[in-house]
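Report on one structure; see the data block that follows.
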Amino acid sequence: MNCLWCDEEIMLEVSWTSLVNPTKPKQICESCEKGLVELKGSRCERCSRVSSSTICEDCQWWENYHHGKDVIDFNYSVFSYNHFIQEIIAKWKYRGDYELGFVFREAFADHFHEKFGNMTDVVAVPIPLSKDRLEERCFNQATMLASFLPVPTVEVLSRVHGEKQSKKKRRERISSKNPFILSQKLNKAVLLVDDIYTTGTTLRHAASVLKEAGCPKVYTYTLIRG
Ligand SMILES: [Zn+2]
Ligand SMILES: [Zn+2]
């Protein structure tokens, strides 16, 4: 097996533990893996941002915006944003290297077990791309991430507006129309899945649609906290 990022051969270390407890073959070599930095230490309980306060200022703002009750129960992210992960993401999602997404499989599944493993009857809902964007890229990175999880994936959201709003300021984006519609009500806990939590606006738009339709809990699970 060669590293999906640098193409170096991955040397499998054979030790007593690896014989007793064989791990799945790695998709990324040890030195590349070091560039992926897991979020550590105290973080905001709502959005996973590294923060010393329980609920960060941003999330307090959101709570006020939603009249005292945020539409997402909490977000959990695995990695912090850095130049290296930005390069991987660019090649994976913008330059169509589907296979490269597998470098995240192990970590995304492991952290799911840690954080959401005790939840029963939860379904994963990937944040959708617009039709045009999906045609352009051939796959949705959020759907791929959801496929790494041991829970069913249901694609019940679709976009009525495109994604071209990332250059707007946060407040302009919030006040912009909700781009999502829901094709089916879900009366169970939902795990919204996406590659990155940046301002949290997109995820909250999606969560609003679900909650308005009676969904009891909406958690968001994202690979990266931007
Ligand atoms: Zn490598
Ligand atoms: Zn927060």
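Listed here are the residues, each with its yes/no results for (1) within 22 Å of Phe139 (Cα to Cα); (2) under 16 Å from the mean Cα position of the chain (by Cα); (3) hydroxyl-bearing (Ser, Thr, Tyr).
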| residue | (1), (2), (3) |
| --- | --- |
| Arg43 | no, no, no |
| Ser48 | no, yes, yes |
| Asn82 | no, yes, no |
| Ala107 | yes, yes, no |
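Do you know which of the residues in region 69-84 that are under 12 Å from Arg225 (Cβ atoms) and assigned to a loop (DSSP other than H, G, I, E, B) is farthest from ligand 2 (Cβ to nearest atom)?
Per the criteria, the residue is Asn82.
Testing Glu99 on (1) at pLDDT 95 or above; (2) more than 16 Å from ligand 2 (Cβ to nearest atom); (3) more than 30 Å from Glu163 (Cα to Cα), one condition comes back false. Which one is that?
(3)
Just one of the numbered conditions (1) farther than 15 Å from Val193 by Cα; (2) surrounded by fewer than 18 Cβ atoms within 10 Å (Cβ to Cβ) is not true of Trp92; which one?
(2)
Which residues, counting only those in region 1-13, are at pLDDT 70 or above and in a loop (DSSP other than H, G, I, E, B)?
Met1, Cys3, Leu4, Trp5, Cys6, Asp7, Glu8, Ile10, Met11, Leu12
Restricting to region 49-68, and then to whatever is polar (S, T, N, Q) and not in a helix (DSSP H, G or I), can you tell me which residue is farthest from ligand 2 (Cβ to nearest atom)?
Only one residue fits best here, namely Ser52.
Look through Lys177, Lys217 and report the one residue that is at pLDDT 85 or above and more than 20 Å from Asp58 (Cα to Cα).
Testing whether each residue is at pLDDT 85 or above and more than 20 Å from Asp58 (Cα to Cα) leaves just Lys217.
The values are calculated or read from the model by the stated rules, or taken from the named source; none is laboratory data. What you see is a predicted model; the values in this text were computed from it and never measured. Ideal geometry is used to build each Cβ from the backbone, glycine not excepted, and the neighbour counts take in all protein chains shown.
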